[in-house]
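Structure first, commentary second.
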Amino acid sequence: MRGANAKLRLASETIDEIDVVIKDVSMRFDTREGTVTAVDGMSFEIKRGEFVSIIGPSGCGKSTVFNIMGGLVGGYEGTVTVGGESVSGPHPSIGMVFQEESTFPWRTVIDNVAFPLEVKGVGKEERHATARKFIEMVGLSGFEQRYPSELSGGMRQRVALARTLVFEPKILLMDEPFAALDEQTRVLLGDKVLKIQQDLRQTTLLITHNITEAVQLSDRVLIMTFRPGKVKRIVDIRLPRPRSSDVVGSDAFGRYVAEIWNDLREEASRGMADAEEAARARKG
């Protein structure tokens, strides 16, 4: 556990083991009310094969960090490197899963999942064989010929996850992919995500506002301050792996949730006070 600008790195590690480096990243946006600093001087590193979650109050810049890492936005200060290579746009090593519904309603499950391979010009037989592998991995075998309208929300998100995995990215970024789902479904889907991450040995970063999800899945949880977003603290989750949702009921799990909630409550309270003050200013 460390303070602002802390790094996700152990003394025994070498730089070759670090997959992602975020160094002194700041992002500002121009608004009608003036310039808003969304992220301010964030620095952290993610080790190869780690599962790291970023959690913080609404408006703290979590999704901004996600978009910067994925190469979707520019105009920021600082540097982002993947495998020692600077990120200046979408990177072939990075796959992204978004919160919004992203399946193609006119395509079956197998054709949704195979779509990235189709774009690359892979033949139908080969791309369907590869797609079936990842459909099985996300637990949707038997649903290959179904359309998204025939699936639950959780199943559609698994289709989106399989579609991202099909081109086998080394690094997976997920921005609250299960936010619209009920708590029980989220926890059970967490088991799938853990198994996939373990099987593929992917470096994974999850943006979430759900403490249970962060503790269940992560090796480390990075807590952000309210805007401007900075690294407030990093919590090592020392729960055994391989891990499943069974751990959610343990005393150790509860202690991590309480510890992170104390930090998160402090920052969320700041955010609420800021919003109330802004509302009073508009009325006055």
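The values are calculated or read from the model by the stated rules, or taken from the named source; none is laboratory data. Quick caveat, the model's predicted, so the values are computed rather than measured. Positions of Cβ are backbone-derived with ideal geometry, glycine not excepted, and every protein chain shown enters the neighbour counts.
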Q. Is the stretch 74-84 home to any residue that is within 14 Å of V166 (Cα to Cα) and surrounded by 14 or more Cβ atoms within 10 Å (Cβ to Cβ)?
A. no
Q.
Can you say whether V87 is surrounded by 13 or more Cβ atoms within 10 Å (Cβ to Cβ), modelled with pLDDT of 90 or more and not aromatic (F, W, Y), as far as the supplied structure shows?
A. no
Q) Mind checking which residues of the stretch 160-188 are surrounded by fewer than 23 Cβ atoms within 10 Å (Cβ to Cβ), modelled with pLDDT under 85 and of a type outside the set (V, I, T)? A) A179, A180, L181, D182, E183, Q184, R186, L188
**Q.** Residue identified as touching a Cys at 6+ places or on another chain (Cβ under 9 Å) and either at pLDDT below 95 or of a type outside the set (D, E) (or both) among G249, G271, G254, G284
**A.** G271
Q. Taking the stretch 104-114 only, how many residues are surrounded by 18 or more Cβ atoms within 10 Å (Cβ to Cβ) and either in the same structural domain as D175 (by TED's automatic domain parsing) or among the hydrophobic types (A, V, I, L, M, F, W, C) (or both)?
A. 4
Q: Determine whether the stretch 52-71 contains at least one residue that is outside any strand (DSSP E or B), loosely packed, with under 14 Cβ neighbours inside 10 Å and either among the small types (G, A, S) or at pLDDT below 90 (or both).
A: yes
(Q) For the stretch 116-131, give me the residue count where each residue is crowded, with 17+ Cβ neighbours inside 10 Å and either assigned by TED's automatic domain parsing to the domain that holds R201 or not aliphatic (A, V, I, L, M) (or both). (A) 4
Q) When residues of the stretch 124-158 are filtered for being outside any helix (DSSP H, G or I) and within 21 Å of G190 (Cβ to Cβ), how many remain? A) 7
(Q) Restricting to the stretch 159-186, give me the number of residues that are in a loop (DSSP other than H, G, I, E, B) and closer than 26 Å to K120 by Cβ. (A) 6
Q: Can you run down the residue pairs with Cβ atoms below 7 Å, 6 or more apart or on separate chains, where the first is in the stretch 229-247 and under 16 Å from K195 (Cβ atoms) and the partner is of a type in the set (G, A, S) and surrounded by 14 or more Cβ atoms within 10 Å (Cβ to Cβ)?
A: S245/G190
Q. E101: within 24 Å of V166 (Cα to Cα) and out of contact with any Phe, Trp or Tyr (no Cβ under 9 Å at 6 or more places or on another chain), yes or no?
A. yes
Q | Single residue of the stretch 132-159 satisfying the filter (polar (S, T, N, Q) and surrounded by fewer than 20 Cβ atoms within 10 Å (Cβ to Cβ)) that is farthest from E118 (Cα to Cα) | A | S152
Q | Scan of the stretch 38-47 for residues that are surrounded by fewer than 24 Cβ atoms within 10 Å (Cβ to Cβ) and over 16 Å from L217 (Cα atoms), ordered by number | A | A38, D40, G41, S43, F44, E45
